[in-house]
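A.B. asks: Input: one structure, supplied below.
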Amino acid sequence: MKFLKWLFIAIFVLIVFVFIGAYIFLKSFDINKYRDQIAAQVSKQIGRNVSIEKVGLDLSLINGVFASVQGLTESEDPVFGQGDFALVGEAKLNVDVLAYLTRREIVVSKVIIDALKINIIRDQAGIINITKIGTPSGELTASSVSSTTSAPTASPAPAAVMPNFSVKTITISNAAVLFIDKGLNPPIEIAASQIDLTVKNFSLKEPFSFEGRLALFSGERNLVLSGQVSVDVIMQEAKLSQVQAEFDLAKLKIADLLKAVPQLATVELKNDLEGKIA
């Protein structure tokens with residue numbers, strides 16, 4: 001019995017020393033020195049130029065691994081135009097290390113994203129820029145693909161077994177999304193701003209819930225959304241269910257609506273709308 005007692009004590013002391021060593025290492029390790037290399041690897045994977053202003057990494061017994069990124073910018077593919085596709089003011093991620101060591105599960109306790117801006121563009125061929133992330137530039141349009149001679153395709157490699165992955169809470173605040181549809185004449189530009197979104201129990205295997213509030217054709221939030229999402233990794237699909245929406249007509253600005261969708265100019269819309277649509 002004494003042997004087992006001392007064995008448990010020795011194991012506990014060893015774990016403590018390993019944690020203290022890792023803690024001291026991360027405290028003295030400046031991951032920001034590798035910022036450019038990290039950005040280069042991300043750029044290579046997604047096929048877009050990525051720049052990062054600052055990255056951080058910390059370790060806590062209570063919070064686990066804590067990573068942060070500030071000033072992340074992803075450029076737009078030249079096929080869709082100039083400028084940036086996405087900008088992130090700050091993003092924080094908290095990983096549960098014990099869950100991976102004991103159960104081989106990647107459990108992210110929380111993800112916090114602030115000041116996210118995304119520009120979604122649909123070109124005249126009906127191709128949306130967000131669906132082409134990871135595709136090398138110059139292979140984006142349907143015409144360029146169809147005009148090239150078909151080459152024999154190799155058999156797809158077997159899919160790697162992914163570990164269980166989940167995120168307890170994702171919080172997005174002060175976000176903005178701009179959607180430009182160049183397939184219409186004249187093009188439409190729909191801007192959603194002041195977006196606050198909360199996702200709970202994000203998973204690639206089980207349905208997860210979301211709640212959001214945003215401003216659409218208005219200077220203040222006027223649309224509330226909630227529902228569930230199911231992700232099919234194999235089919236690369238996401239399905240919505242139990243979706244509920246409430247739109248406050250009293251906060252709608254007709255001038256903003258007509259500017260975004262010029263096609264509605266022939267429709268007589270009153271400036272003093274009232275009520276809500278659910």
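A.B. asks: So is VAL111 in a strand (DSSP E or B) and modelled with pLDDT under 80 or not?
C.D. replies: No, not satisfied.
A.B. asks: Separate question: I'd like the residue in segment 241-260 that is open to solvent by 40 Å² or more (accessible area, probe 1.4 Å) and touching a Phe, Trp or Tyr at 6+ places or on another chain (Cβ under 7 Å) and, out of all such residues, is farthest from GLU189 (Cα to Cα).
C.D. replies: The first filter runs over segment 241-260 and keeps only residues open to solvent by 40 Å² or more (accessible area, probe 1.4 Å), leaving 241-246, 250-251, 253, 255-256, 258-259.
Still in the running and touching a Phe, Trp or Tyr at 6+ places or on another chain (Cβ under 7 Å): 253, 256.
Numbers: LYS253: 15, ASP256: 10 Å.
In this case the residue turns out to be LYS253.
A.B. asks: Anything in segment 261-278 that is within 29 Å of the chain's Cα centre (by Cα) and farther than 30 Å from SER209 by Cα? List them, or say none.
C.D. replies: If we filter segment 261-278 for residues that are within 29 Å of the chain's Cα centre (by Cα), which is where we start, we get 261, 277-278.
Of everything in segment 261-278, just one residue is within 29 Å of the chain's Cα centre (by Cα) and farther than 30 Å from SER209 by Cα, namely VAL261.
A.B. asks: Also, I was wondering about something else. Could you list, in sequence order, all residues of segment 218-228 that are at pLDDT 95 or above and open to solvent by less than 50 Å² (accessible area, probe 1.4 Å)?
C.D. replies: ASN222, LEU223, SER226, GLY227, listed by residue number.
The values are calculated or read from the model by the stated rules, or taken from the named source; none is laboratory data. Quick caveat, the model's predicted, so the values are computed rather than measured. FYI the Cβ positions are ideal-geometry reconstructions off the backbone, even for glycines, and counts take in every protein chain you see. Areas reflect the complete protein model, heavy atoms only, side chains present, ligands, DNA and RNA absent. Shrake-Rupley method; radii C 1.70, N 1.55, O 1.52, S 1.80 Å.
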